[in-house]
Structure formats: structure tokens, C-alpha cells
């Protein structure tokens, strides 16, 4: 082989190696796309702040005992792990990533941005809370992962509230509608929501082409679609809880109690009864039967996982209460989260003050 041939061979091999490396770099930076029907969290959890999200055998949650920092654990509350700092909500999970809204704060080491503090907005991280990427810097009301897009209710002091979306790889960010649209109920390629301005009809928004249609001219609030029914608060009838059959158009009254919020999970509905003298968190089966009191008082942030229902008293972030999702009611406190927060707290002698 001549020296000229050797040079040509060397350059060819080098070129192939460089092209392969270039392709590896490009492919490693790509975000794998989801199935179009992928959902990031249950609509009931997101309507209640989205503080808990279960996916692939893990529960990701905002630890109220640690300024709502992002944690993970097993559904039975074992192996609690702090993922990163900063108050989070609207937690979504799918595939290899977490998506969440953050109020402010965070530490630069975990965000990967030296000396920077993450601001309010939407963020994506891996399942360990690292490799954090900001998708939009804004104030978020609520957010749902709908296939390959995050749809989020965005608030701006000058513009007001709008529905925006961004693809999970940070591309194609745009305003969908300059209106109050709750994106939390995503089922089979459509976002179901109630009108909030001229009417309270049931609407559907197809994803990702954003075509709107009227499904039912009811007078509803916070619809949750499950198993062919729409569970909703009946606005003209003192916000009682009802369900509407999408096939037969039949309405069933589930309770005549006025309710403040509710969450539907499998065969159960957990709901807060609004009453001046007998307020209580209650539960019933999805057909309205077997109504029972979970705990007397006024509660909020009803989040449900496969094993526990979590909630807290109105205007009090802690203690966080829990009971079994299924089976007999047994209300206790979420002690594992409190203990994990204490374990991560900095000792006073690290604050710069002498003991």
C-alpha cells in the first residue's frame, strides 16, 4: 500500500469516526417522544395542586415538610429520596422525565447552572431530579402532559390568564388561547374542560391541533372524565357532585352536599363537603353509594396514589394527613415525609453562627 493510499484510508476512517461521534452527540441530546395518549398525572391530583404523581412504581411528591421540595418514594412510603430544592407543584411524570412547575428557588448544584437560582416556571428533569431544563419562565396555575406537549394555564400580570403549550423538547412553544382553560383532564387525545367566561359547557380540545368542540351544554365545573362518565360539580345546584354519561346523556346525582373539591381514583371519589356546621372530607364509590366520613373539618389538596390518599387542613401546609386509598379508613400523618425533611435540614451550626 502506497503512502497516498494510507493517507486516504486514514482520512476515511477518521471521517467515519467523526461522523459517528457527531451522530452520537446529536442523538444523545434528543428527547424521546411519547405516545400521543401519554398522560402525566391524574386530573384529580392536578386539580388539587398536583403535589403527588405516581408512575412506573414510584411516587414523586412535593414535600410540604420541606418547603414543597421535590422528593421520590415507593408507593408504600419506603426509600424516600430528596431530588432537588425549590417549591414545586403540578408534578407530571412519563418515560425518563419529570415535568413540574416551580415557584422559585432551587440549588445550583442540582440544576447544573453554576451560581444560578431557578426562577418560577416549567421545568423538565430526569427521574433523579438532575439535568434540569427550563421550558418556560412564567407563573403557572396548573399543567398537564398531553402526549408530547405540556399544556399549561399561564398567568401574566399584564396579559392575564392564557392556555399555552410547549413540546417536551422545548420546541413549538405557543399560546393556544387567551382564556381560562384548565388542561388537567386529558383523555384519548382530547382535553376536556368547562367554559369559564360566557358559559360553563363541557368542551374538548384536540391535541396537538387545538381544535375546540362543544361536548355537552351543561353547567359544570372541574370535569373529570373516567370510564365513559364525566364527574363534575353542578354549578346551578349548589355545586353538588354529579356524573354525566357520555353515551346515554343521562345525569346522575351522586350527592346533594355542596362540595369544594373532589378527586376520582379508580372506584372511589374523595370530596370535601362545604358546610358551616358539619364540614368534612368524605368518600364514596363512583356510583354515589357507600358514603362515609374520612375526617371532620375543612381540608384541601386531596392527592391520591395507589396506596394512600394525602390531604391537609385548609390554609395549613402541615401536618399532611393520609389514609388508605382502599379498605377501611385510618387517618394518620405522613411521618415519613417529616422525618425525611428533618434528615435533610442543615444543622444550626452550619448557618455561620457559633454554637
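The values are calculated or read from the model by the stated rules, or taken from the named source; none is laboratory data. It should be emphasised that the depicted structure is a prediction, and the values quoted were computed from it without experimental measurement. For neighbour counting, all protein chains shown are included, and Cβ atoms are generated from backbone atoms with ideal geometry for every residue, glycine included.
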Residue within the range 313-321 that is crowded, with 22+ Cβ neighbours inside 10 Å and over 30 Å from residue 342 (Cβ atoms) present: no
Residue within the range 326-341 that is part of a strand (DSSP E or B), without any contact (Cβ under 8 Å) to a residue 60 or more places away in the chain and crowded, with 16+ Cβ neighbours inside 10 Å present: no
Enumeration of residues in the range 181-200 that are in a loop (DSSP other than H, G, I, E, B) and within 25 Å of residue 94 (Cβ to Cβ): 181, 182, 183, 184, 188, 189
Elements of type strands (runs of 3 or more DSSP E) in the range 35-104, at least 2 residues being touching a helix residue (DSSP H, G or I) at 6+ places or on another chain (Cβ under 7 Å), farther than 27 Å from residue 191 by Cα and without any contact (Cβ under 8 Å) to a residue 12 or more places away in the chain: none
Candidate set from the range 114-137 (those that are surrounded by 14 or more Cβ atoms within 10 Å (Cβ to Cβ) and modelled with pLDDT under 95); member that is farthest from residue 181 (Cα to Cα): 118
Residue satisfying all of: in the range 302-325; assigned to a loop (DSSP other than H, G, I, E, B) and under 17 Å from the mean Cα position of the chain (by Cα); nearest to residue 61 (Cα to Cα) among these: 305
Tally of residues being within 17 Å of residue 223 (Cα to Cα), part of a loop (DSSP other than H, G, I, E, B) and under 16 Å from the mean Cα position of the chain (by Cα) across the range 142-180: 0
Unmet criterion (only one of (1) out of contact with any helix residue (DSSP H, G or I) (no Cβ under 9 Å at 6 or more places or on another chain); (2) at pLDDT 95 or above) for residue 184: (1)
